[in-house]
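In what follows, a structure is listed as structure tokens, so that the remarks can point back to it.
The values are calculated or read from the model by the stated rules, or taken from the named source; none is laboratory data. This structure is a prediction, so every number in the text was calculated from the model and none was measured. A quick note on method: Cβ atoms are made from the backbone with ideal geometry, for glycine too, and the neighbour counts reach across all protein chains shown.
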Amino acid sequence: MASTIILFLAELQAQDPELAPIVHLRLQQSNQPSFDVVRTNSAETKFYWSQWPRLIVRDGVVFRVILDRQGQPCGQQLLVPKVLHNELIEMLHAGLTGCHVGVGKTIVQVGRRAWWRDWKADVRRFYQRCFLCSRYFRGKLPRQGAMQPTRVGAITERLSIDLTGPHLRSKRGNVFICTVVDAFSKWLKIFAIRNKEALTVARVLVEKVFCRMGTPLSILSDRGGEVNGQVIREVCQLLHIDKCAQVLTI
């Protein structure tokens with residue numbers, strides 16, 4: 001099996017239009033040829049020629065020697081033909097040992113085993129095109145204003161609320177989560193709810209928060225579409241309040 005893989009890699013190196021001239025020369029001689037030998041070749045072939053002092057041959061396959069900070073050999077990298085670039089990156093990024101690791105860890109894993117011109121840029125481009133990774137990574141957050149201190153002086157003076165979901169359905173049929181935090185004491189409570197309708201959220205706030213801790217002076221939300229004026233109107237009706245309290249949003 002190992003010999004078959006070695007023959008396969010040697011054949012692909014010999015067929016690669018950029019690698020083949022350097023591989024052919026390295027298999028024939030150990031001394032670096034003059035620049036005139038590769039003068040008419042592509043820029044990429046010339047780049048591989050510049051790495052000649054670090055190129056070695058193992059079983060007919062050309063590798064590049066890895067040097068540590070002291071300039072001592074500490075490993076070997078396969079000169080990867082172009083047809084294997086994406087396949088190798090995918091195997092190390094999302095394969096059995098990759099598990100869709102971040103771009104930094106993918107670069108480390110590739111650099112330990114393989115090398116070609118601009119390989120780090122290829123890894124970054126592959127990571128940006130990865131469908132599963134792009135679903136969770138949103139890039140750098142936009143610039144925001146400086147954070148401001150929360151000016152409260154007592155418990156239940158201000159409550160922060162937020163809704164997330166849908167999540168995986170629980171045994172009781174709940175798919176959303178309502179989070180309530182007291183700005184002064186940092187008291188936190190999480191409630192599982194079946195939907196994010198205004199009446200459902202209002203019942204959670206009134207029955208499980210306000211009736212236990214007291215009615216807050218203000219409620220803070222992230223201006224999400226779920227937490228709007230209708231929620232406060234439902235809260236006021238449940239508490240038999242004719243005039244709704246002020247809604248503090250950011």
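So that you can scan it fast, the table gives a plain yes or no per residue for (1) outside the structural domain of Q77 (by TED's automatic domain parsing); (2) among the acidic types (D, E); (3) over 13 Å from L79 (Cα atoms); (4) without any contact (Cβ under 8 Å) to a residue 40 or more places away in the chain:
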site	(1), (2), (3), (4)
D16	no, yes, no, no
L19	no, no, no, no
V23	no, no, no, no
R26	no, no, no, yes
V37	no, no, yes, yes
Q51	no, no, no, yes
R54	no, no, no, yes
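Please determine, by comparing only the residues of segment 107-146 that are aliphatic (A, V, I, L, M) and not assigned by TED's automatic domain parsing to the domain that holds S50, which one is modelled with the lowest pLDDT. Top of the filtered list is L141. Among the residues of segment 170-177, are any at pLDDT 90 or above, among the β-branched types (V, I, T), under 30 Å from the mean Cα position of the chain (by Cα) and assigned by TED's automatic domain parsing to the domain that holds D222? Scanning segment 170-177 turns up at least one residue that is at pLDDT 90 or above, among the β-branched types (V, I, T), under 30 Å from the mean Cα position of the chain (by Cα) and assigned by TED's automatic domain parsing to the domain that holds D222. Give me a count of the residues in segment 15-41 that are surrounded by 12 or more Cβ atoms within 10 Å (Cβ to Cβ), of a type in the set (G, A, S) and either more than 20 Å from H85 (Cβ to Cβ) or at pLDDT below 95 (or both). Residues that pass the stated criteria total 0.
Looking at segment 188-220, which of its residues are in contact with a helix residue (DSSP H, G or I) (Cβ under 8 Å, 6 or more places away or on another chain) and more than 18 Å from V231 (Cβ to Cβ)? Correct list: empty. A single entry from Q109, Q70 fulfils the requirement of being assigned to a helix (DSSP H, G or I), more than 30 Å from R203 (Cβ to Cβ) and of a type outside the set (F, W, Y): Q109. Note on segment 23-46: among residues that are of a type in the set (V, I, T) and more than 37 Å from the chain's Cα centre (by Cα), the one that is farthest from D118 (Cα to Cα) is V37.
Of the residues making up segment 1-58, those that are in contact with an Asp or Glu (Cβ under 9 Å, 6 or more places away or on another chain), of a type in the set (S, T, Y) and part of a helix (DSSP H, G or I) number 3. Kindly establish whether A94 is surrounded by fewer than 11 Cβ atoms within 10 Å (Cβ to Cβ) and out of contact with any strand residue (DSSP E or B) (no Cβ under 8 Å at 6 or more places or on another chain). For A94, the condition - surrounded by fewer than 11 Cβ atoms within 10 Å (Cβ to Cβ) and out of contact with any strand residue (DSSP E or B) (no Cβ under 8 Å at 6 or more places or on another chain) - is not met. Within segment 141-166, the set of residues being surrounded by fewer than 10 Cβ atoms within 10 Å (Cβ to Cβ) and over 32 Å from the mean Cα position of the chain (by Cα) comprises R151, G153.
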